[in-house]
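The values are calculated or read from the model by the stated rules, or taken from the named source; none is laboratory data. Keep in mind that what you see is a predicted model, and the values were worked out from it rather than measured. FYI the Cβ positions are ideal-geometry reconstructions off the backbone, even for glycines, and counts take in every protein chain you see.
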Amino acid sequence: MVITGCGGVSAYGLGTEGLEAALQEGRPRLSEIDRSAGYHHADPSARLALRASTQSLTPWLQPGEARRMSPPSKLAVTAARQALAMAGLADPEGRVAAEAEGDSPGPGQATAVVLANSFGPSSFTEHLMRQILLENPEAASPFYFTECVANAPAAQIAIAARARGANITVVQREAGPLLAVAKGAAEVASGRARRALVGAAEEMTPLLHSFLDRFGALSRGPRGSRGADGEGESARPFDRRRDGFLAAEGAVVWVLEREDDALERGARPIARVAGWASAFDPTAPPTDWGHGGPALARGLVRGLIRFGLAPAAIDRIVSGASGAVAGDRLEASVLSSAWEGETLPPILAPKGVTGEYGGGFLASALLAACGAPFGPTAGFAEADPELGLIPHDGRPLATPRRVLATGLAAGGAATWLVLESMPESMANP
Amino acid sequence: MTERAEGPWRVAVSGVGAVSGLGWGSDALWSGLSAGRAAIGNFIRFDHAHHRTHVAAEVPEPDGALAKTLLGRRLSLADKFALAAAGEALAQADLPSLGGLSVGLYFGSSTGGMWEGEAFFADLLAGEPRLRASLLASQQPNGPGDAVARKFGIEGPVETVSSACASGALALGAALEAIRSGEVEIAIAGGADSLCQITYAGFNSLRSVDEQPCRPFRAGREGLSIGEGGAVLILESEERALARGVRPLAYLAGAGASCDAHHMTAPEPQGSGAAAAISAALLDAGLGPEAIVFVNAHGTGTPLNDAAEWRAFERALGDRARAIPVTSTKGLVGHLLGSSGAIEAVATVLCLAHGEVHPSSAGGEVDPDLGIDLVLDSPRRLGAFAPRGPSMAALSTSLAFGGANAALVFERADPR
């Protein structure tokens, strides 16, 4: 199973070049969230986020198409078209498309879409709720309603790219993006689909930002360090002073297909999907991480064994540590349990740059598998003795053979993904 | 006729649980379905005076003893439906404890704790000084599935699908795959959704809600009726169920999925996408159309859906389509949205286990443009079960917003 295309939209622009540069530099591109609606607490509250909705999506999405889409649908379709173009999948008229026009493809020939999101099209849901609660239920807009369902972005990808295989939206918070890749890979591996478009899309609205902040999920800056303009707000993965994550929006989509299929049509694989695992931590409360590290580690190892893998076969970790106090503690516990106290491979923790949600983490994992250089871990300055784990300090690293990407979700879900570098990998997808 | 599949990896349904407008428990569901009793009528969840329509299938209050088992400040109503259904299904499968077992959970939900989220948002807009953040604790669609995993101590894979009305059926397909591949020994699969204002007003904004209780496949149909509830099925290999002394209620023999890639709300009118999902499910089950003894249709009651779905049956089942009895569970319990595929799977299993197909709702003349053999007024008996005879299978379809389609094929088991 190989990845032959990758598209993305993030605070760093279209594609992944901007993100790659930011990861090397170790600096997030933050912007102020609009707090004028009054949803946020009075100070102290978080003010910053990584916004993607200011990006121009042309030439991938024309205004005439975009007018029928919610913000996350626009981001998702843009990312999918970039991924298909990179994979060399275009119809005879040059339009990027997953399948040829005409009747439904035969068994196993269609393209599946598996997309993750955590909160759905939040702005349209909010608009609809305002109409219902403040105006009249009869004022509800049918357009907002049809585009406020969680699966709208996946459906819009299918319509835009003519993808007629299974269309699945998974919602498992921070584990969702990796779970979407795993499920898409399973669709292709089983022969149910010829290809899969997989990834994640999310928008970050002021309302959602305020909800996350009310639960104490977002960084507000270490006590006493915060300035009036959000100074001090930072994701600090594995750092002793960590106090929450940075909220992000964006979309990332990959094209998955069987390696022989890809090679036969002359496509250039970027990386392999070598395996995946999922587990759950029932000690987790609904809105935070639990303390079941050893049990999760057993789930990880059991999953790797199904693919003939073991922790010792991993030579790079791209950690989903986000700066969440309990989340990073659990991540450290899982990794140390899975490696049974042995030395861990180098750990990249890109969420100091990508923030949480929007698929930036997925793009980072792929960049890591391609040997892209990562700078010092953004936000990390002071080791947490409780964790016993130091993330990457920026020194040059060789291209890894196998990368383990980790996704532990608030609420208990967990998914891990193993990516394998290609012998002559593209360094910059 | 297709011969019955044999082998250690036949996937058994060893327990079911359900919560619906017909009551709490699968006995309440079956009692209502077999009597053709519709749970759709006036409702009190919220003030609907300013909505266009005034009927829904609301879950009644649980009795005192059951209510006590469902206490929890951070549980949404959908969480409670899921927990009750899962508890019943596990008990029926004789799985009082899951310790030491490899268990996965596969759930579908469209709105999760949206009802509670609406209450929070209303307070926020009203400038309420003391907002109850606990209302948001389980607001995402993964809330009900996660709540079940937490309650029953599941440490295996847990995933929630939120593909609108196909969510529950897609989750069952994932569970089937997990059992077949050996990833888990036991799969808890289902879904839960609760009635809320956003879906009620939203479907009304599309003018796709019938002012009367819905009338799937009838000539005068004018739309769906919203319902709520939860449903859970326990899946495991037949070998494993029999070794534990549990006789399967039925088998989940195949699953298929597709997408219309046509329109966000309108089905592809010729039913080609839905037909692809049905064909894939039959292929996965290793069965042909001749094995299908009845269909539990998606059957929402909207003019476009029912017509396109019938065309899908014709495309996928050929001449056999006109000879197969069809029922619609939605005609009696309403449309459970992300949980509809799960409750219709439970209804399908109960029909197979009881040897009869439950009737659809009342509602006038069957649409003469459809050549459908709709099960009317009273249950239709299935033929006698022959242990070594040809397979007797049922098809359950789920067709969603965004063109996501899912189909499941269940096979009849030796009666318990």
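Quick look at the values:
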| read-out | value |
| --- | --- |
| Residue check for A:Arg164: more than 7 Å from chain B (Cβ to nearest Cβ), over 18 Å from the mean Cα position of the chain (by Cα) and among the charged types (D, E, K, R) | no |
| Given (1) modelled with pLDDT of 95 or more; (2) out of contact with any strand residue (DSSP E or B) (no Cβ under 7 Å at 6 or more places or on another chain), index of the condition A:Ser36 fails | (1) |
| Of all residues in the stretch A:213-259 being more than 28 Å from A:Pro285 (Cα to Cα) and of a type in the set (Lys, Arg), the one that is modelled with the lowest pLDDT | A:Arg226 |
| Residue match in the stretch A:51-65 (condition: more than 22 Å from A:Glu202 (Cα to Cα), in contact (Cβ under 8 Å) with a residue 60 or more places away in the chain and among the acidic types (Asp, Glu)) | no |
| Filter pass, B:Val246 being away from chain A (no Cβ under 13 Å), in contact with a Gly (Cβ under 9 Å, 6 or more places away or on another chain) and at negative phi | yes |
| Residue match in the stretch A:329-343 (condition: in a loop (DSSP other than H, G, I, E, B), in contact with a Ser or Thr (Cβ under 7 Å, 6 or more places away or on another chain), in contact (Cβ under 8 Å) with a residue 60 or more places away in the chain and within 15 Å of A:Thr415 (Cβ to Cβ)) | no |
| Members of the stretch B:256-277 that are at the interface with chain A (Cβ under 8 Å from one of its Cβ atoms) and assigned to a helix (DSSP H, G or I) | B:Ser272, B:Gly273, B:Ala275, B:Ala276 |
| The one condition in (1) within 14 Å of another protein chain (Cβ to nearest Cβ); (2) modelled with pLDDT of 95 or more that B:Glu314 fails to fulfil | (1) |
| Residues within the stretch B:110-150 that are touching a Leu at 6+ places or on another chain (Cβ under 9 Å), more than 8 Å from chain A (Cβ to nearest Cβ) and under 24 Å from B:Gly190 (Cβ atoms), tallied | 8 |
| Answer residue from the stretch B:358-416, given it is among the polar types (S, T, N, Q) and more than 24 Å from B:Leu235 (Cβ to Cβ) and is modelled with the lowest pLDDT among those | B:Ser361 |
| Scan of the stretch A:277-312 for residues that are over 20 Å from the mean Cα position of the chain (by Cα), within 8 Å of another protein chain (Cβ to nearest Cβ) and more than 20 Å from B:Gly104 (Cβ to Cβ), ordered by number | A:Pro285 |
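For every residue, the table says whether it meets (1) more than 28 Å from B:Gly143 (Cβ to Cβ); (2) not in a helix (DSSP H, G or I).
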| position | (1), (2) |
| --- | --- |
| B:Ser279 | yes, no |
| B:Phe294 | yes, yes |
| B:Phe313 | yes, no |
| B:Arg320 | yes, no |
| B:Ser340 | no, no |
| B:Val349 | no, no |
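Quick grid of which residues meet (1) in contact with a strand residue (DSSP E or B) (Cβ under 7 Å, 6 or more places away or on another chain); (2) among the small types (Gly, Ala, Ser); (3) more than 8 Å from chain B (Cβ to nearest Cβ):
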position: A:Met129; (1), (2), (3): no, no, no
position: A:Glu135; (1), (2), (3): no, no, yes
position: A:Ser141; (1), (2), (3): no, yes, no
position: A:Phe145; (1), (2), (3): no, no, no
